[in-house]
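Asks: Quick one: this structure, given as structure tokens, is what I'll be asking you about.
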Amino acid sequence: MTQTINYMVLPVAAVVLPAIIGFAIFFTGRNKKLREFLSLIAALLSLFFVATLYFVLMQGNTDICFPICLGQDFTLCFRADWLGMFFAGITSFLWLVSVPYSLKYMEIKSSDSEGRFFGFFTLSAVSAIGVTMAGNMLTLFIFYELLTVSTYPLVIHTETPAAVRAAKKYLIYLLIGEILILFAVLSTPGFGEPRAFSKIGVMFPGIGPKMLLFIFFSYIVGFGIKAAIFPFSNWLPTVSVAPTPVTGLLHAVAVVNVGVYGIMRVILNVFGVELTRSMGVGVVLIFISSATIIYGSLMALSQDNLKKRLAFSTVDYVSYSILGVSLLNPAAFVGALLLLVNHAFLKLSLFFCAGAIDIQTEKTEVSELSGVGCKLPFVSTCFAIGSLGLIGVPLTLGFVGKWYLWRGPLETNQPGVIGVLIAGAILCAFYLLYVVYVLFFGQSKVSLNCDGKLSWLICLPIGIGVAGGAIFGVFPKLLLPLINPIISCYFGG
């Protein structure tokens, strides 16, 4: 009995203990070493609890739930299941990878508010973990809201006019989305039940088809704004003015992934695959995600600023995962999850490469980076490898993920989707390989700051991101034990 109770405590401990440390960081003052120590400990604790929960799930313990009753029909519920843990694993691991880079980057940039920065950085990652540990829509919404509140100070951190404008747009877009989600949550029967996410599909008694569609698309648009779907994606490139660790956090670790996670929970748990299919909304979701892929790719092609080009690349790439779940096909859903892992690892690395180039050259425009590959070979090589992985060349996880994703429209006879996937891959190759060409084959026009050597705290996270994408590309079966239980749960096989 004691052992069972300990398992039940793990999901809440994975959120509460790192959050306590996050609040403690605000009070470190000028004690830099203590701040660095607490930032690392919070990330390590989160990863430890997530890894432990994976072990518990693998032992067959599926009812890992810690409910906190707030009143009649209102329960704050922390729960671990395979879908939530998949996202929690990505978030907790890449959070830990991000911490050393963030510590060194902010030191180089001479920030006067590092305590505030790392306090909110930690709380942002904790909020994302809280979303994945939610056992019902009430808990998910609370942490979803906390994620917006905790990332806003990071976006506005530099307090420049551009940062203020970006933070304002960020807040307006996300608050509109959260109002829609709140309406949908309150319209969902059992939104505050202790184990709501243990069910597949919710009964909507007395709700007509039109109202049901309105609730569904309130959820999709609400979560889709954070996932940067078209036409609500312009906030994401705008916030690229934030420090590079923040853009990495927004694009690869927390915010965008949480939007995708919310859409998956709505389709798989709130409505269920069968009801979603019977409502006929799949074609609308396919159209939205396909439009976002093309829009993001075309906008990425037109950006000279490297971080904005990568930001629109996120708009493009994350929609592959939304497309995968929208096809309501198990093979396509496997592709969606694989591409989510691929994007998280490689996009974090590419943003960190952009930050490293900025540190050494003070250049941010692609047209200014001619010949940087010869002067920063490690960073530029990692950028090239990461780009190939996102494009999806063979022996990369991007290739494996897109292979599974292609099976969805092939099995459901949707040639238009195949056309979108082909166009997306071609455009992705153009907007990423052009940067690689400029880095390695452009005539050298830049000089390096200092001695041209980057700290290992900058290089190691870049290398880990690229290595993760490469290892999973060569050995994709490493991810299947984490994905197969999700497919069995929602698609029955």
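Asks: Of these, Leu103, Leu96, which one is in contact (Cβ under 8 Å) with a residue 60 or more places away in the chain, part of a helix (DSSP H, G or I) and under 22 Å from the mean Cα position of the chain (by Cα)? If you could, list the steps in order and put the result at the bottom.
Replies: Working: Leu96 fails: in contact (Cβ under 8 Å) with a residue 60 or more places away in the chain.
Only one candidate passes the filter, namely Leu103.
Asks: Do the conditions hold for Leu268, that is, is it in contact with a Leu (Cβ under 6 Å, 6 or more places away or on another chain), over 12 Å from Phe216 (Cβ atoms) and assigned to a helix (DSSP H, G or I)?
Replies: Working: in contact with a Leu (Cβ under 6 Å, 6 or more places away or on another chain): no; over 12 Å from Phe216 (Cβ atoms): yes; assigned to a helix (DSSP H, G or I): yes.
For Leu268, the condition - in contact with a Leu (Cβ under 6 Å, 6 or more places away or on another chain), over 12 Å from Phe216 (Cβ atoms) and assigned to a helix (DSSP H, G or I) - is not met.
Asks: Further, regarding this structure: Which residues, taken from the range 206-248, are aliphatic (A, V, I, L, M) and free of Cβ contacts under 8 Å to residues at least 40 places away in the same chain?
Replies: So the first thing to find is which residues in the range 206-248 are aliphatic (A, V, I, L, M), and the list is 207, 211-213, 215, 220-221, 225, 227-229, 236, 239, 241-242, 246.
Ile207, Met211, Ile215 - these are the residues of the range 206-248 that are aliphatic (A, V, I, L, M) and free of Cβ contacts under 8 Å to residues at least 40 places away in the same chain.
Asks: Which one of Glu193, Glu159 is among the charged types (D, E, K, R) and in contact (Cβ under 8 Å) with a residue 12 or more places away in the chain? Even if it seems obvious, please write down each step before you answer.
Replies: Details: Glu159 fails: in contact (Cβ under 8 Å) with a residue 12 or more places away in the chain.
Every option except Glu193 fails the conditions.
Asks: Need the failing condition index for Ile142 against (1) among the β-branched types (Val, Ile, Thr); (2) more than 14 Å from the chain's Cα centre (by Cα); (3) surrounded by 22 or more Cβ atoms within 10 Å (Cβ to Cβ), just the number.
Replies: (3)
Asks: Let me ask another. Being surrounded by 14 or more Cβ atoms within 10 Å (Cβ to Cβ), among the hydrophobic types (A, V, I, L, M, F, W, C) and under 26 Å from Glu114 (Cβ atoms): is that true of Leu53 here?
Replies: It is false that Leu53 is surrounded by 14 or more Cβ atoms within 10 Å (Cβ to Cβ), among the hydrophobic types (A, V, I, L, M, F, W, C) and under 26 Å from Glu114 (Cβ atoms).
Asks: A further question follows. Which residues, counting only those in the range 359-368, are farther than 16 Å from Ala311 by Cα, under 27 Å from the mean Cα position of the chain (by Cα) and part of a helix (DSSP H, G or I)? Spell out the reasoning first.
Replies: Taking the range 359-368 as the starting set, the residues that turn out to be farther than 16 Å from Ala311 by Cα are 359-363, 367-368.
Keeping just the survivors that are under 27 Å from the mean Cα position of the chain (by Cα) gives 359, 363.
Of everything in the range 359-368, just one residue is farther than 16 Å from Ala311 by Cα, under 27 Å from the mean Cα position of the chain (by Cα) and part of a helix (DSSP H, G or I), namely Ile359.
Asks: Return the only residue of Ile359, Ile391, Ile422 being over 21 Å from Ala227 (Cα atoms), among the β-branched types (Val, Ile, Thr), touching a residue at least 12 places away in the same chain (Cβ under 8 Å) and surrounded by fewer than 24 Cβ atoms within 10 Å (Cβ to Cβ). Spell out how you get there, then give the answer.
Replies: Working: Ile391 fails: over 21 Å from Ala227 (Cα atoms); Ile422 fails: touching a residue at least 12 places away in the same chain (Cβ under 8 Å).
Within the list Ile359, Ile391, Ile422, the selection yields Ile359.
Asks: Could you check, for the range 182-190, whether at least one of its residues is among the hydroxyl-bearing types (Ser, Thr, Tyr) and assigned to a loop (DSSP other than H, G, I, E, B)?
Replies: Going residue by residue through the range 182-190, those that are among the hydroxyl-bearing types (Ser, Thr, Tyr) are 187-188.
Keeping just the survivors that are assigned to a loop (DSSP other than H, G, I, E, B) gives 187-188.
Within the range 182-190, one or more residues are among the hydroxyl-bearing types (Ser, Thr, Tyr) and assigned to a loop (DSSP other than H, G, I, E, B).
None of the figures in this text is laboratory data; all of them are computed from the coordinates on show. Quick caveat: nothing in here was measured; it's all calculated off a predicted structure. Virtual Cβ from ideal backbone geometry, glycine too; neighbours counted across all protein chains shown.
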